[in-house]
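Have a look at the structure below, then the notes.
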Amino acid sequence: MAGKPSIGVDLGGTKIEAAVLDSAGRIIFRKREPTPPQDYEATLETVRELVATADEAACAPPRVGIGIPGAVSPATGLVKNANSTWLN
């Protein structure tokens, strides 16, 4: 039985990129959009749109992982020290 595809999202200060990897780890889809500067809601919408497009390319229910700048505070559960300050 083949494994599930995976969607990886790289949320950076200048670009947001989504990629779909098949069960062998090969990239089968990739798309990049500029990160909306200083706009939290627009950043979330861009991530949502990229994941929705990648999901269509995956042809099966995928797993999704996201990498973000900064770290999650154990005390608050919020992002801290992100160079994309609107994510803090």
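A short reminder: the numbers here are calculations on the coordinates, not readings from a lab. Everything quoted here is computed from the prediction, not taken from an experiment. Using ideal geometry, Cβ is built from the backbone for each residue, glycine included, and neighbour counts are taken over all protein chains shown.
Worth a mention:
- Sequence ranges 7-20, 59-72, ranked by mean other-Cβ count within 10 angstrom, highest first: 7-20, 59-72
- Cross-link partners of Lys4 among aspartates and glutamates (Cα-Cα below 14 Å; sequence separation of 8 or more within a chain): Asp22, Asp55, Glu56
- Shape descriptor for the chain: Rg over Rh equals 1.02 (Cα atoms; Rh from the Kirkwood inverse mean 1/r).
- Measuring nothing but how far apart in sequence close Cα pairs (under 8 Å, 6+ apart) lie, relative to its length, the chain scores a relative contact order of 31 percent.
- Within the shell defined by Cβ-Cβ distances under 15 Å, the residues around Gly70 carry a net charge of 0, with Lys and Arg each +1 and Asp and Glu each -1.
- Candidate lysines for bridging to Lys80, where Cα separation is under 21 Å - those fewer than 8 sequence places away on the same chain excluded: Lys15
- Looking at the chain, the DSSP beta bridges with both ends there are about 75 percent antiparallel.
- Remark: the chain carries a charge dipole of roughly 320 debye about the Cα centre, counting +1 on each Lys and Arg Cβ and -1 on each Asp and Glu Cβ.
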